[in-house]
1. Please identify the chymotrypsin sites (Phe, Trp or Tyr not before Pro) of segment B:47-140 that satisfy two criteria: DSSP loop assignment and at most 12 other Cβ atoms within 10 Å. Which are they?
2. Work out the length of the dipole vector of the protein assembly as shown about its Cα centre, built from +1 on the beta-carbon of each Lys and Arg and -1 on the beta-carbon of each Asp and Glu, and round it to the nearest 20 debye.
3. Return the sequence-ordered ³J(HN,Hα) values of segment A:37-49 in whole Hz as given by the Karplus equation 6.51 cos²θ - 1.76 cosθ + 1.60 applied to θ = phi - 60°, using x for Gly and Pro.
4. Looking at segment A:105-260, what % of its DSSP beta bridges pair antiparallel, to the nearest 5?
5. With Cβ to Cβ distances under 13 Å as the rule, what net charge do the other residues near A:L20 carry (K, R +1; D, E -1)?
6. When a/c reaches 1.5 or more, the comparison of a/b and b/c decides; with that in mind, is chain A rounded, prolate or oblate per its Cα gyration tensor?
7. When a footprinting reagent is the concern and you count Cβ atoms within 10 Å, what order do A:S173, B:S133 take, fewest first?
8. Which distance in Å, rounded to a whole number, links the C-alpha centroids of segment A:67-93 and segment B:177-216?
Amino acid sequence: MQALRIRQLAKTYGNGVEALKGIDLDVEEGDFFALLGPNGAGKSTTIGIIASLVNKSAGSVQVFGHDLVEDLALAKTCLGLVPQEFNFSVFETPLQIVVNQAGFYGMPRREALVRAEEVLNTLSLWDKRNVQSRTLSGGMKRRLMIARALMHRPRLLILDEPTAGVDIEVRRSMWEFLRGLNAQGTTIILTTHYLEEAESLCRNIAIIDKGLIVENTSMKALLATLDRETFVLDVRHLNGLPEILDGFPLRRVDEHTLEVEISRERNLNQLFGLLSERGVEVMSMRNKANRLEELFLSLTEKKSAA
Amino acid sequence: MPTPSLRQLNWIAFQSILVKEITRFTRIWAQTLLPPAITMTLYFVIFGKLIGSQIGDMGGHNYMAYIVPGIIMMSVIQNAYANVVSSFFSAKFQRFVEELLVSPVSNNTILLGYLGGGVTRGVLVGLIVSLISLFFIRIPIAHPWLVFLVVVLTSTLFSLGGFINAVYAKKFDDISIVPTFILTPLTYLGGVFYSISLLPEFWRGLALANPILYMVNAFRYGFLGVSDIDVGVAIGMILGFIAVLYAVSLHLLKRGIGLRS
Ligand SMILES: Nc1ncnc2c1ncn2[C@@H]1O[C@H](COP(=O)(O)OP(=O)(O)OP(=O)(O)O)[C@@H](O)[C@H]1O
Ligand SMILES: [Mg+2]
C-alpha cells in the first residue's frame, strides 16, 4: 500500500511564484522518507497541499489511496501534520490544545484526556500541561506540535523541519522517538536541512530544487553518489606544503588550518601518509560542510556540466 | 481508535469547537462579559432613569420599560458579532485555524461551531443585561418563547456577520470597521430608544429598510406585546438574512478565501 502518491503536482501562488512545476512522489507504507531541498525549493508548499492548507494548481494527491478531491475527509483522518511554523493558540494550554485537536478527529473527550496524558508524557510535556503555551520554550513548542499531531494516531506523519531551533540533546531524543514510532508502523515523511538527520533516520529520499524533484532514491544509493568530501585539518605547522600534494588539492586557510578535498578513489590513509612524510602533524579534523551541502554542489554542478 | 463515522466525528468536533469558544470568552471575561454589563448599566441610568423620567410614555409604555428590550438586543447584537469576528480572526492571525483546516471536520461543522460560540455569548450577555435591568424596573414578559427565539436568531445572524468580516479581515483594524461604521449606527437608528412612529414619513420609510429595526421590535413585542411592525414579518426577515449569510459564509469556507493560498 502506498502511503502517499503524488502525480504532476503543480502550484503557482497568487503572486505568480511557480513553487511546484509538476512533481511525482511515491512513499510506501512504513517508510521513513526525507524530503530535502534548499530554502524556497517547494517543500512546505508540497506539504501544504497534502494537508489542505494550500490549494493546488494542478495534479493529484492520494493518501493511503484516498484522493484529496474525492475522499478528502478519509485522507485527512490518515494524516498528522507538524508544520514548519508554530500554529497553535498561544493563550491555550498544551492540554487544551491536544484535547481539542483529538475532538476535531472525532475522539470523545474522555478518551482524549487519557490519550493526552500518554502523548504529553512521551514528549515530556505533561508537567507543562496547564501553562499558557506562549510561555513554553521553542523546543517545547515543537514537541507540543508533535504531540498534537499524534493525538489521533495518524498512519502518515509529516514533519516540516521538526528539529529546527532544537538543541542537540532534544534533537537526538526526538530522533529516537520518531524511530520508535516508525518501527511501530507509522509512515513518516520529514523535511530537514541537516543531512545527518536524514541520513540517520530515513531510508528513502527525494531532493527537490526550484519546484522540481531532482533526485528520488534510497538513502544508501544517494550517499554512494557522494564522490568527494572536503575536510578541514588543524595542524601544528604547515611546513611549506605545495598547492597540490600528490594529487590532493590543498588550500591553506591560515598558519594552522588546511582544507583538503578527497575524492572517492583516494583515501585518508594516503593523505596522512603524505603529510607525516613531510613532518606535518594533524591535531584534529572535521568535515568542512555538512555532506548535504556537498551533495547539492555536486548535483548542481552535474546539471550545469550537462 | 475505532474510526468514528463522519457524522459522529463532526458531532464531537462541533462540541470541541464550542468548548474552545466558550473557554475563550470566559477566560477573557473582563473584555467580553464585563464591558456590556457596565455600558448597559449606564444606559439604564442615563436614558432610562434620568432622561426617561422627563419623557413620559413611549408606545404606550413607561420609557424605561420601552428601552429595556432595545438595550438588551443591542448588547446581544454587539457581543455575538464581536465574539465571532475576533475569535475567528485570531485563529487566522495566529494560524491555529489550520488545526481545523487540516482535520477532517466539515465546513458546516466549523461554521456551526463558531456560530455556537457567538450565540452562547450573545445569549449570556443578554441574560446578564436582563438581570441588571431588574434593578431598575420589573417588566412582564408577554411571550417568553418569542423572546428566546429572537435572541437566538439575532445572535446567529450577527455571528454570521462577524464570521464574514473575519474572513475578509487582514489586520486587527479590519475587525472594528464594520461594528463602528455600520453596526452601531444601524442599532441606534433601529428603534432602540424610540418608536419609529415618532419619525416623519420619509424617515420612517427609510427606517423600515434597517434590518435591526425588525429584531428590536420583535424582541420588544416578546416583552411588552407592542411593536412598530408585524412580528411574523420580522421573524421571516431574520430567517431570510440568516439563510443568505450562512450560504455566503459556507461558500467562503469552501473556497478557502483568506484561509488557503
Ligand atoms: N503564501 C505564499 N504566497 C506566495 N509565494 C509563496 C507562498 N508560500 C511560499 N511561496 C513561495 O514559494 C516558493 C516555495 O516555498 P516553500 O515554502 O514551499 O519552500 P521550502 O522548500 O519549504 O523552503 P524552506 O526550506 O525555506 O522552508 C518560494 O519561492 C516561496 O517564496
Ligand atoms: Mg518550508
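1. Passing sites in segment B:47-140 are B:F135.
2. Roughly 1480 debye for the protein assembly as shown.
3. x, x, 4, x, 6, x, 5, 5, 5, 4, 5, x, 5
4. 75 percent
5. Overall, the nearby charge balance is +3.
6. prolate
7. Exposure proxy ranking, most exposed first: A:S173, B:S133.
8. Going from one Cα centre to the other spans 44 Å.
None of the figures in this text is laboratory data; all of them are computed from the coordinates on show. From a predicted model like this one, the values you see are computed outputs, not experimental measurements. Methodologically, a virtual Cβ is constructed for each residue, glycine included, from the backbone with ideal geometry; neighbour enumeration extends over all protein chains shown.
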